[in-house]
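Before any comments, here is the structure.
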Amino acid sequence: MKRVIVLGANGQLGKTIKDFEKFEAIKFSFFSRNEIDITDINSLTKNFKDADFDLCINCAAYTNVEAAERNVAEAFLINAEGVKNIAEVCNSYKVKLIHISTDYVFDGKKGKPYTTTDHTNPINQYGKSKLQGELYIQEKLKEHYIIRASWLYSLHGKNFLKTIISKIESEATLNITTEEEGTPTSCIDLVTFILYIIKVDNLPYGIYNFSAKGSTTWYGFAKEIAKNYKLGNSDKILPTDKYKTQAKRPKFSVLNLNKTEEFYKELRTWEESVGVVVKGYKISRS
Ligand SMILES: NC(=O)c1ccc[n+]([C@@H]2O[C@H](COP(=O)([O-])OP(=O)(O)OC[C@H]3O[C@@H](n4cnc5c(N)ncnc54)[C@H](OP(=O)(O)O)[C@@H]3O)[C@@H](O)[C@H]2O)c1
């Protein structure tokens, strides 16, 4: 049975992996930030030393895009230096790494879906710190999978889908931006792809894009959530092109999925996946 360590296990992606644990013939060891801080190489080393892991899934990251503009050093400490620590320890103990990166490594000016070899040019501190993490992995560890994911949501933690549902419940009127185009991606779908990588065990190393199929704006995403949640009642969700944020965001960050689809045939449309997760939300509340 493969032995897999999961770092950052208390985030939404880590918790979604935990949801799958009971269905998989994989021996997972989950570590939250309190148990392993990735910025502390000694704590990583201590836990890798005698454990004989086959793979590491890194879900740990500084993910607050807005706060990263103010806390640049902390974002880089976690997303770049912390990731470098992981790559070094994986290299020392012969552990393969599955690391999650982001569509925010791109500037959004291409206007067509980004391939894994397109030029990166992040326009905010979060994207810059995540790109530096990718570069460290490529420098330190051959046996890696860097998965660039976009617009993640799930039933865990804080995310756009859960925020929209709570606003719908409070009957608030929402002005949601139409200024960015990308692809909402369910953590369930991403975890299914991660498990596929672990199980096939022969995917070529390197960078993979992962999202659902298709694209929309945050406004379109909110309308779809509302449509599924309240069966058509989305009158209080209004489009705006005046939403101000501190961090610049790529106007277009749709990922080209051709490379992923050469190997992996299970991609769903973003609308299908929103339907699945909203249904799960309703069941969890009933
Ligand atoms: N969310 C998105 O829309 C999105 C989109 C594209 C890519 N991604 C990437 O996908 C991955 C998973 O994201 P997510 O949405 O699951 O994020 P999340 O819910 O914010 O989870 C991140 C986890 O990392 C932990 N963490 C932070 N600093 C740490 C450290 N120094 N050592 C160990 N753990 C640490 C956090 O712990 P605390 O909560 O205790 O701080 C949190 O549990 C990340 O790499 C992210 O960059 C996310």
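For the chain, take the longest principal axis of its alpha carbons; what is the angle in degrees between that and the long axis of helix 125-140, to the nearest 10 within 0 to 90? With rounding to tens, the tilt is 30 degrees.
Counting only other residues whose beta carbon sits under 12 Å from that of K110, what net charge do I get with K and R as +1, D and E as -1?
On the way: positive: K109, K112, K251; negative: D103, D107, D118, E181.
Every neighbour counted, the sum reads -1.
Taking 0.36 nm per residue of separation and subtracting the Cα-Cα distance, full extension of the segment from R285 to K142 would add 47.1 nm.
Share of carbon and sulfur in the accessible area of the stretch 153-256 stands at 51%, probe radius 1.4 Å.
Roughly how compact is the chain, stated as its Cα Rg over 2.2 N^0.38 Å to two decimals? Walk me through the numbers before you get to the answer.
Values: Rg = 18.5 Å, N = 286, 2.2 N^0.38 = 18.9 Å.
That ratio works out to 0.98.
In this simple spin-label model, placing a label point 7 Å from the Cα along the Cα-to-Cβ direction at both N121 and A172 gives a separation of 3.6 nm. Residues considered: P250, P239, P204. Largest GNM mean-square fluctuation over the chain, using C-alpha springs under 10 Å, is found at P204.
For the pair T245/E66, report the inter-label distance in nm, with labels modelled 7 Å from Cα in the Cβ direction. The two pseudo-label positions are separated by 1.0 nm.
In the chain, the longest principal axis of the Cα atoms and the axis of helix 187-200 are about 30 degrees apart.
Going 7 Å from the Cα of A25 in the Cα-to-Cβ direction, what parts of the stretch 1-18 have a backbone nitrogen less than 13 Å from that spot? Taking a point 7 Å out along Cα→Cβ of A25, the residues of the stretch 1-18 whose backbone N falls under 13 Å are 1-2.
What is the local net charge at D54, summed over the other residues whose Cβ is closer than 14 Å to its Cβ (Lys, Arg +1; Asp, Glu -1)?
On the way: positive: K2, R3, K27, K94, K96, K199; negative: E24, D52, E143, D201.
With Lys, Arg at +1 and Asp, Glu at -1, the neighbours total +2.
Taking a probe of 1.4 Å, how large is the accessible area per residue of the chain, in Å²?
Numbers: 13250 Å² over 286 residues.
Accessible area per residue: 46 Å².
The values are calculated or read from the model by the stated rules, or taken from the named source; none is laboratory data. What you see is a predicted model; the values in this text were computed from it and never measured. Reconstructed Cβ throughout: ideal geometry from the backbone, glycine too, with neighbour counts over all protein chains shown. For accessibility, only protein heavy atoms count, side chains too; no ligands or nucleic acids. Shrake-Rupley method; radii C 1.70, N 1.55, O 1.52, S 1.80 Å.
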